[in-house]
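Some notes on the structure that comes next.
Rule-based calculations on the coordinates, nothing more; no lab input. Remember, it's a predicted structure, so these values are computed and weren't measured experimentally. Glycine also receives a Cβ, built like all others from the backbone with ideal geometry; neighbour counts cover every protein chain displayed.
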Amino acid sequence: MQNYKATERDTLFVMQELFDMEAHYQQLGFEDATEDLMKAIYSEAAKFAENVLAPINAIGDEEGCKFDDGVVTTPTGFKEAYHQYVEGGWPSMAQPVEFGGQGLPYSLATSMAEWFSGANHSWAMYPGLSQGCMETLKAHGTKEQQDIYLSKLIEGSWTGTMCLTEPHCGSDLGMLKCKAEPNDDGSYSLTGTKIFISAGEHDMSDNIVHIVIARLPDAPAGTKGISLFVVPKFNVDAQGNIVDRNNVKCGSIEHKMGIKGSATCVMNFDGAKGFMVGQPNRGLACMFTFMNIARIGTGMEGLSATEAAYQGALAYAKDRLQFRSLTGKKNPEGPADPIIVHPDVRRMLLTQKSLAEGKRALAVYCMKMVDTTLYSSDDAAKQLAESKLALLTPIVKAFLTETAQEATSYGMQVYGGHGYIKEWGMEQLARDTRICTMYEGTTGIQAIDLLARKVMGSNGELLRVFVTEIKEYCANIRGKSQFNAWANAIDSHVDEWVQITNDIGVAAQSNPEELGAAAVDYLMYSGYVSVGYFWLQMAVNAQQKLDAGTTEVDFYQAKLMTAKFYFDRMLSRTRSLVSAIHSGSDNLMQMDEALFSAGK
């Protein structure tokens, strides 16, 4: 099995050379967040990912979690790794100093989440859920709730979850039945069943803080009647000391295709004591704080798997000898040439590489926008960042995970038959990553959110904001570099992006089904163009470094060649997407339901 390596150099390239995050941090008041500090933190994070998490990845897949009458035991090494994570101070990095945090920027902490997930997707699920729990309580919790829960979550002795869906409602949260009855002391008694709760029960922390949506007795129907509650596994006093067990219990854990070391739980609330977060019947709006963070986190998991699959496939392609090159022997001393000489293997490797590096740039760009929304005192800058995030968050979640399916499939394919064998780790990557297109809202739901809610719902304003940035960049470099053809390609694509949006909007006026029919293809088109924009920036940056006489010639030459592959082969995928969008909804909706089973 190929050993996972954290992408320290490439992440620093994106953080510093592409986005100048040190200057960004200084502008936001983080004087200590220098490039030297960044490098020091990255070095330690890389060691943790490579030396602690990666070695127990296969163990987690082999053993899975064990369930015994409500008690969940995590795989060998998981609990110990989590304790090392806590001792290293990782949970507290981007949290407020007043609650025991280190007060560092969100993007600095989140950029390393790629490595933890790439080294061990299942393990990374546990602390990953806690981050959203903290952000929700920071944004919407009372001072008392923050005093009780935040310091424990930040130090890592407690972990958090998000309890949304129920057996009958899936992603249609307006159908939820979990009820919350008010108690005389201001608390609430929650009763109901939640499913698919990642890290809902485990043996890694002293307490688990559940963020739960439920209905009050007099709540209106649908999503307008949802309230938000904090429900701990163990009840605590005002000082945060554990008092007794709450009436919330794990009923079972799921037997899954992948991420077997992550406990996916059925959680039963039987009069469990909870406390309202935010205002009555406004819970879904509060929950979006958690959900939006989770969506970016899920996108990062897609990035992590793409990079891990590429690393494994590349190592194997350099080592595996099969056949001779079509242009003559490249390994005359051996019985065959390494398979990296074959064009089709290179097609798969460059697809993985161009996606991994392009998606990393898109993800970090969004993290930079999150920083601005959280820390900037400039209201105009915050509003602009919020607009860009609103557009890009569903793209990050769906595009990064959908393309991860292709990348992990190629990871197996490069290995040939060995890719199907467990010991190489490629099939585990494919299984683990498959869930990413489903949770936190499927690709179809993200696509409707992007097209109907964000783009059409803003009358195109959110799209205009990002398109304006792209067109300004293309105009600024036109005539100043050898990348005019690529700049023109991106420029024409964003014009087409706007035109496609208008076409769909016109069609939807007479037939609303046109929105649903076009949505996923529209999202994927948006993803390829957005990543292309960042590949253009990376190519320009790489050429500037080469022109300045860098000593890292190979690193920057690789950037240019990978950019060429992206523009020649990946961006052209938009052609089929445009054709599908313009084909309309009739080819989907005209066939009668009964005809689907004709001939069966």
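Numbers for the structure displayed
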quantity: Burial ordering of 83, 210, fewest other beta-carbon atoms within 10 Å first; calculated: 83, 210
quantity: Full-stretch length increase - residue 27, residue 496 - with 0.36 nm per residue and alpha-carbon distance subtracted; calculated: 165.3 nm
quantity: Where labels lie 7 Å past Cα in the beta-carbon direction, separation of residue 143 and residue 326 in nm; calculated: 7.2
quantity: Hits among aspartates and glutamates - C-alpha to C-alpha of residue 329 under 19 Å, sequence gap 8 or more where chains match; calculated: 319, 337, 344
quantity: Trypsin sites (Lys or Arg not before Pro) restricted to DSSP loop in region 442-551 with at most 12 other C-beta within 10 Å; calculated: 480
quantity: For region 450-588: relative contact order, % (alpha-carbon pairs under 8 angstrom, 6 or more apart); calculated: 26
quantity: Dimensionless Rg ratio for the chain, taking C-alpha atoms and the 2.2 N^0.38 Å reference; calculated: 0.98
quantity: Entries of 273/382; 353/422; 5/143; 47/256; 66/368 with Cα pairs more than 32 Å apart; calculated: 273/382; 5/143; 66/368
quantity: Packing-based exposure ordering (other Cβ within 10 Å, fewest first) of 35, 402; calculated: 35, 402
quantity: Mean ellipticity per residue at 222 nm, deg cm²/dmol - from DSSP H runs of n ≥ 4 across the chain, formula -39500 (n - 2.57); calculated: -17000 deg cm²/dmol
quantity: Within region 567-600: backbone nitrogen closer than 17 Å to the residue 477 label point (7 Å, Cα to C-beta); calculated: 567-572
quantity: Base-10 log of normalised Debye intensity for region 287-440 (one unit scatterer per alpha-carbon) at q = 0.11, 0.16, 0.20 Å⁻¹; calculated: -0.52, -0.84, -1.10
quantity: Translational D in µm²/s for region 154-263 (Stokes-Einstein at 20 °C, 1.002 mPa s, Kirkwood Rh from C-alpha pairs); calculated: 142
quantity: Relative contact order of the chain, pairs being alpha-carbon contacts under 8 Å that are 6 or more residues apart, as %; calculated: 12
quantity: Ranking of 586, 432 by count of other Cβ atoms within 10 Å, fewest first; calculated: 586, 432
quantity: Acute angle (nearest 10 degrees) that the helix 343-375 long axis makes with the longest principal axis of the chain, alpha-carbon atoms; calculated: 50
quantity: Computed lengthening from residue 59 to residue 347, 0.36 nm per intervening residue step minus Cα-Cα distance; calculated: 100.5 nm
quantity: Helix 513-547 vs. the chain, principal-axis angle (Cα, 0 to 90°, nearest 10); calculated: 60
